[in-house]
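Here's the structure, in structure tokens; my notes come after.
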């Protein structure tokens with residue numbers, strides 16, 4: 001059996017890579033070009049709202065490279081989690097980022113093919129889920145919470161504006177079996193997109209999954225980082241990772257370390273229906289640009305798909321003020337607590353009950369990121385105080401933020417001191433964020449591999 005070579009130019013479609021890296025990847029004669037096209041790393045907004053993370057221009061640029069590069073070599077290409085979060089249909093507005101959807105990616109690829117005068121068979125794999133279908137699975141006891149997931153009921157499925165089930169490799173294999181030249185996958189596990197083609201060509205399954213995990217973020221496992229691309233070669237015994245960007249390197253450390261990226265267990269990786277174990281894996285540097293990996297093992301599990309669901313929880317307005325008052329810097333939390341209490345009191349007197357809104361006030365530069373106690377004796381030079389207000393309407397969120405405005409600017413916490421004036425970052429001081437979202441589903445569902453998957457095939 002020959003090896004299967006996979007070129008991964010991007011960590012996500014829209015991130016770009018250098019022209020030198022892309023051409024170098026093509027020169028290595030891959031059997032397929034594959035790339036992840038999104039994730040939920042950037043929070044619930046993209047899944048819930050219908051907008052994507054990257055601009056249409058950037059996404060089309062990266063897709064064009066892949067389509068034309070694959071056509072030049074006469075090989076297939078795949079993308080997964082199309083747009084950002086891989087739903088069926090998202091926002092389709094010229095002045096907005098690309099919708100997180102399969103159909104928008106399909107539209108862009110059709111444009112690219114038409115402009116280039118080439119013809120392809122395109123498969124679309126849909127992974128967005130119907131609430132009623134999942135309610136039935138819930139009643140059957142087939143939905144299980146992942147660590148840290150919220151408690152749910154049947155009502156939860158209706159509260160989600162979008163729900164996706166992460167595709168495994170089987171969906172991509174099915175599309176290949178049906179003659180697809182280009183596969184546009186909905187929300188997928190990052191690894192499935194790259195593992196599917198070598199799996200169906202008989203490569204070692206454990207190596208397919210381990211290699212795919214290593215290259216899921218493109219060149220991040222090399223010294224080139226996000227702009228470098230990466231190349232993997234898999235056979236019946238193991239796999240080899242190659243750096244692509246001219247002048248870049250890859251090491252046993254950089255390859256082995258990527259298993260802990262977005263993975264709580266540094267030894268094991270769980271994917272739909274499998275778990276790989278790297279306890280006995282060996283990492284051997286063949287050169288500065290190639291690392292060989294062997295010894296990974298695989299365990300087959302009952303098949304599950306991860307569910308991600310996001311829904312709106314209100315509207316938000318933000319205001320920020322910078323403070324470097326020496327007295328305030330001695331204990332920024334004293335100021336935070338005083339302004340918070342004064343704001344709540346002011347609003348209650350104005351007839352706005354505390355249970356009608358949520359807010360937090362955080363001192364960035366002190367403990368705004370973690371909220372944890374700071375080292376004893378730590379006194380910052382300056383801090384950014386950020387107020388975030390969430391309410392059931394945008395108007396109300398902004399109204400409440402405006403009520404805090406004079407307190408953020410002038411509130412005095414020291415008796416006998418003249419009224420201070422701090423620095424708002426922007427004018428107007430209030431910034432409306434619009435609807436905000438939260439993850440409501442972070443669960444798995446027990447299914448057959450293609451039970452929740454839908455396909456569409458088109459000749460363009």
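The values are calculated or read from the model by the stated rules, or taken from the named source; none is laboratory data. Note that the structure is predicted; figures quoted are calculated from it, not measured. No Cβ is skipped: glycine too gets one built from the backbone with ideal geometry, and neighbour counts run over all protein chains shown.
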Given (1) part of a helix (DSSP H, G or I); (2) surrounded by fewer than 22 Cβ atoms within 10 Å (Cβ to Cβ), identify the lone condition not met by residue 22. (2)
Sole residue being under 26 Å from residue 228 (Cβ atoms) and either modelled with pLDDT under 95 or part of a helix (DSSP H, G or I) (or both), chosen from 48, 99, 83: 83
Hey, can you tell me all the residues within the range 182-202 that are surrounded by 22 or more Cβ atoms within 10 Å (Cβ to Cβ) and assigned to a loop (DSSP other than H, G, I, E, B)? 186, 187, 189
Residue count for the range 215-270, restricted to those that are over 18 Å from residue 21 (Cα atoms), touching a helix residue (DSSP H, G or I) at 6+ places or on another chain (Cβ under 7 Å) and part of a strand (DSSP E or B): 4
Filter the range 328-347 for residues that are touching a residue at least 60 places away in the same chain (Cβ under 8 Å) and within 19 Å of residue 424 (Cα to Cα); which is surrounded by the most Cβ atoms within 10 Å (Cβ to Cβ)? 335
Is it the case that some residue within the range 319-338 is in contact with a strand residue (DSSP E or B) (Cβ under 9 Å, 6 or more places away or on another chain) and more than 30 Å from residue 409 (Cβ to Cβ)? no
Note: among 286, 259, 301, just one is surrounded by 16 or more Cβ atoms within 10 Å (Cβ to Cβ) and in contact with a strand residue (DSSP E or B) (Cβ under 7 Å, 6 or more places away or on another chain), namely 259
Does the range 294-305 contain any residue that is touching a residue at least 24 places away in the same chain (Cβ under 8 Å), closer than 22 Å to residue 79 by Cα and either within 26 Å of the chain's Cα centre (by Cα) or not assigned by TED's automatic domain parsing to the domain that holds residue 164 (or both)? yes
Taking the condition surrounded by fewer than 24 Cβ atoms within 10 Å (Cβ to Cβ), closer than 26 Å to residue 135 by Cα and more than 19 Å from the chain's Cα centre (by Cα), does residue 159 pass? yes
Looking only at the range 387-404, count every residue that is exposed (fewer than 15 other Cβ atoms within 10 Å of the Cβ) and out of contact with any strand residue (DSSP E or B) (no Cβ under 7 Å at 6 or more places or on another chain) and tell me the total. 1
Give me the residue from the range 104-119 that is touching a residue at least 60 places away in the same chain (Cβ under 8 Å) and in contact with a helix residue (DSSP H, G or I) (Cβ under 9 Å, 6 or more places away or on another chain) and, out of that set, surrounded by the most Cβ atoms within 10 Å (Cβ to Cβ). 105
Residue that is touching a residue at least 24 places away in the same chain (Cβ under 8 Å) and within 30 Å of residue 26 (Cβ to Cβ), where the choices are 287, 256: 256
Does residue 429 meet the test of being surrounded by 15 or more Cβ atoms within 10 Å (Cβ to Cβ) and farther than 29 Å from residue 159 by Cβ? yes
Identify the residue in the range 31-48 that is surrounded by fewer than 23 Cβ atoms within 10 Å (Cβ to Cβ) and touching a strand residue (DSSP E or B) at 6+ places or on another chain (Cβ under 9 Å) and, among all such residues, is farthest from residue 435 (Cα to Cα). 31
Of the listed residues (424, 414, 359, 404), the one being at pLDDT below 95 and over 30 Å from residue 167 (Cα atoms) is 414
Answer with yes or no whether residue 158 is under 23 Å from residue 62 (Cα atoms) and in contact with a helix residue (DSSP H, G or I) (Cβ under 9 Å, 6 or more places away or on another chain). no
Please indicate, with yes or no, whether at least one residue in the range 371-386 is surrounded by 15 or more Cβ atoms within 10 Å (Cβ to Cβ), within 20 Å of residue 438 (Cβ to Cβ) and in contact (Cβ under 8 Å) with a residue 60 or more places away in the chain. yes
For the range 120-156, what are the residues that are in a strand (DSSP E or B) and buried (at least 18 other Cβ atoms within 10 Å of the Cβ)? 122, 123, 124, 125, 126, 128, 143
